[in-house]
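The values are calculated or read from the model by the stated rules, or taken from the named source; none is laboratory data. These figures come from a predicted structure and were not determined experimentally. Don't worry about glycine lacking a Cβ; one is built from the backbone with ideal geometry, like all the others, and counts go over all protein chains shown. Protein only, heavy atoms only, side chains kept; ligands, DNA and RNA dropped before computing areas. Shrake-Rupley method; radii C 1.70, N 1.55, O 1.52, S 1.80 Å.
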Amino acid sequence: MNWRKWLDDFALAGKGILLATKEKRFWCGFIPAFLFFGLLMNLLAGGTSKFDLMFALGLPKAFTILGESFIGIFGINQPFLDWLPIFALSILQGTLIGLIVLLWHKKREQNASNLGSAGIITGLIALGAGCPTCGTTLLTPLLGTLFSTGGLAVTGTISAIITWLAVIIAILSLKRLGLETYVTIVNEKYLARKSKKEENEKNR
């Protein structure tokens, strides 16, 4: 493996993500995705027990559980080691979704005459990035059903390992999307400068 190229790709991906944060459309994708996945993972952190409680206790208590899970996204009333991977994965997944939303708009604008092609390209990017959080949220309740009450410690450990693996997968996915974002934004700026230069030359 060419480590220098691999690190250079990560550096360019980082620049692409920084450029994306200056775009309003990025935040339109990031904020809802971050809050949604953070809430979902906090609700499913112990399997389906919170959902069972919500259905058993009724609407007022269900909103209380939802509120506690929501503030748990930010580490409130959460053990640090349990909160950290969930928060990190929520940030990473939010960033992935934000980049996908931004790229879709950029591709649509740059390929105004061929929207079908732009949609296909963005769709392939989305499939390539995947959804590490989805896998985590699906596996967590499954683990809860596989182990008995006496095995909750084992369930928690395995769930934590899966979450950290999802974090690694999300980081690798970010490299791909970050690179694509960097190329797209730099190309957009280049075309804008070129168009402005040509326009100035015509007006002379």
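Scanning region 30-78 for residues that are free of Cβ contacts under 8 Å to residues at least 12 places away in the same chain and of a type in the set (Val, Ile, Thr) yields THR64, ILE71, ILE76.
I'd like the residue in region 33-63 that is over 30 Å from GLY98 (Cβ atoms) and open to solvent by 70 Å² or more (accessible area, probe 1.4 Å) and, out of all such residues, is modelled with the lowest pLDDT. Let's see the steps before the verdict.
Step one: of region 33-63, the residues over 30 Å from GLY98 (Cβ atoms) are 49, 52-53, 55-61.
Keeping just the survivors that are open to solvent by 70 Å² or more (accessible area, probe 1.4 Å) gives 52-53, 55-57, 59-61.
Numbers: ASP52: 79, LEU53: 84, PHE55: 84, ALA56: 86, LEU57: 84, LEU59: 83, PRO60: 85, LYS61: 86.
Result: ASP52.
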